[in-house]
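Chemist: This is the structure I want to talk about, given as structure tokens.
The values are calculated or read from the model by the stated rules, or taken from the named source; none is laboratory data. Just so it is clear, the model here is predicted, and its values are computed rather than measured. Cβ atoms come from the backbone with ideal geometry, glycine included; neighbour counts cover every protein chain shown.
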Amino acid sequence: MPAINIEDLSEKDKLKMEVEQLRKEVSKCSEEIKNYIEERSGEDPLVKGIPEEKNPFKEKGGCVIA
């Protein structure tokens, strides 16, 4: 495949090449992010939940109004 001289391309062709490159990079990056999230989802308290005994935000007692 012959080398492409960027100076010989029109502005439109340069932008098309840039968009195509960005699509490849975003696609690869999003796949890596998806894999990272799936690998760690079992440890994620937002997905798995927090056990009651370890939940620092659980209510300690109720309020009685007489």
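Chemist: So if I check each of 56, 2, 45, which one is of a type outside the set (S, T, N, Q) and surrounded by 10 or more Cβ atoms within 10 Å (Cβ to Cβ)?
Modeler: On the way: 56 fails: surrounded by 10 or more Cβ atoms within 10 Å (Cβ to Cβ); 2 fails: surrounded by 10 or more Cβ atoms within 10 Å (Cβ to Cβ).
Exactly one of 56, 2, 45 is of a type outside the set (S, T, N, Q) and surrounded by 10 or more Cβ atoms within 10 Å (Cβ to Cβ), namely 45.
Chemist: Another question about this same structure. Going by the conditions given, is residue 26 assigned to a helix (DSSP H, G or I), surrounded by 10 or more Cβ atoms within 10 Å (Cβ to Cβ) and in contact with a helix residue (DSSP H, G or I) (Cβ under 6 Å, 6 or more places away or on another chain)? Steps first, please.
Modeler: Numbers: assigned to a helix (DSSP H, G or I): yes; surrounded by 10 or more Cβ atoms within 10 Å (Cβ to Cβ): yes; in contact with a helix residue (DSSP H, G or I) (Cβ under 6 Å, 6 or more places away or on another chain): no.
Judged against the criteria, residue 26 is not a match.
Chemist: Test of understanding: among 7, 53, 39, which residue is modelled with pLDDT of 90 or more and part of a helix (DSSP H, G or I)?
Modeler: 39
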